[in-house]
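Notes follow once the structure below has been shown.
The values are calculated or read from the model by the stated rules, or taken from the named source; none is laboratory data. The structure presented is a predicted model; accordingly, all values stated were derived computationally and were not measured. Please note that ligands, DNA and RNA were not included when accessible areas were found on the heavy atoms of the full protein model with its side chains. Shrake-Rupley method; radii C 1.70, N 1.55, O 1.52, S 1.80 Å.
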Amino acid sequence: MLIRPAAEADWPQIWPFLWLIVAAGETYTVDRDIDEETARAWWMRPDARVFVAVAQGRVVGSAKLTRNFDGPASSVANASFLVDPGFAGRGVGRALGEHVLVAAKEAGFRAMQFNAVVETNVTAVTLWLGLGFQILATIPDAFDHPKHGPVGLHVMYRKL
């Protein structure tokens, strides 16, 4: 698997699985009916570093690295991750996570914070804990899950 900076030409391969993930409503705090133009502006935003994971000649995952805060707290990074559901369980998320952690440290960030990891997203929670993150707090009933009803959102943190 190759991980590289995303190019504008990658968007047509990212959009289908981004849409599937967001429309499912189980992991992202984004409107489930997001349109492509809004999604592209959100994911490919110019102030973020966007990466893609390529396997079997196609984009199978993507990650977005940005500042979590501005001003005096701008040394804290934030990141978001997408894995094509057809490639789940093949290490794409872990590879992207490891890559983004290195990229964040090289960019001068001192820490990374995830603001909203859905507590029922066991795959992501397990991955982030395994990569050295800790759960700082859980906001109870903050996320309306389509299958489980109101569930918590974890705030997760890792020093870089």
request  = List the relative contact order of the chain as a percent without decimals, with contacts defined as Cα pairs under 8 Å and 6+ residues apart.
outcome  = 19 percent
ask   = If the chain between Arg94 and Leu131 were fully stretched, how many nm would it gain, using 0.36 nm times the residue separation less the Cα-Cα distance?
value = 12.5 nm
query = At a probe radius of 1.4 Å, what is the per-residue accessible area of Ile34, in Å² to the nearest 10?
reply = 20 Å²
note = For the chain, the Cα gyration tensor yields equivalent-ellipsoid semi-axes (√(5λ), largest first, whole Å) of 21, 20, 16
ask   = Ordering Met1, Met44 by how much accessible area each has at a 1.4 Å probe, largest first, what is the list?
value = Met1, Met44
Accessible surface, 1.4 Å probe, highest first, among residues Lys147, Lys105 = Lys147, Lys105
ask   = Which aspartates and glutamates have a Cα lying under 20 Å from the Cα of Lys64, excluding residues fewer than 8 positions away in the same chain?
value = Glu8, Asp10, Glu26, Asp31, Asp35, Glu36, Glu37, Asp47, Asp84, Glu98, Glu106
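Show that you can apply the helix-only estimate: for the chain, add -39,500 (n - 2.57) for every DSSP H stretch of four or more residues, divide by all residues, and state [θ] at 222 nm to the nearest 500.
Values: 4 runs with 46 residues, N = 160.
-9000 deg cm²/dmol, from helical runs alone.
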note = Expressed in square angstrom to the nearest 10, the accessible area of Trp128 with a 1.4 Å probe stands at 20 Å²
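Between Ala116 and His148, what length comes free when the chain is fully extended (0.36 nm per residue of separation minus the Cα-Cα distance, one decimal in nm)?
Details: separation 32, 0.36 × 32 = 11.52 nm, distance 1.65 nm.
Answer, rounded to one decimal: 9.9 nm.
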query = Which far-off residues, 5 or more places away or on another chain, put their amide H under 5 Å from the one on Val118, with H placed in the peptide plane?
reply = His154
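Under 1.5 on a/c is rounded, so check that first for the stretch 1-40, then, if it is not, pick prolate when a/b is larger than b/c and oblate when it is not; a ≥ b ≥ c are the square roots of the alpha carbon gyration tensor eigenvalues. Spell out each step's value before the answer.
Details: a/c = 2.62, a/b = 1.68, b/c = 1.56.
Prolate.
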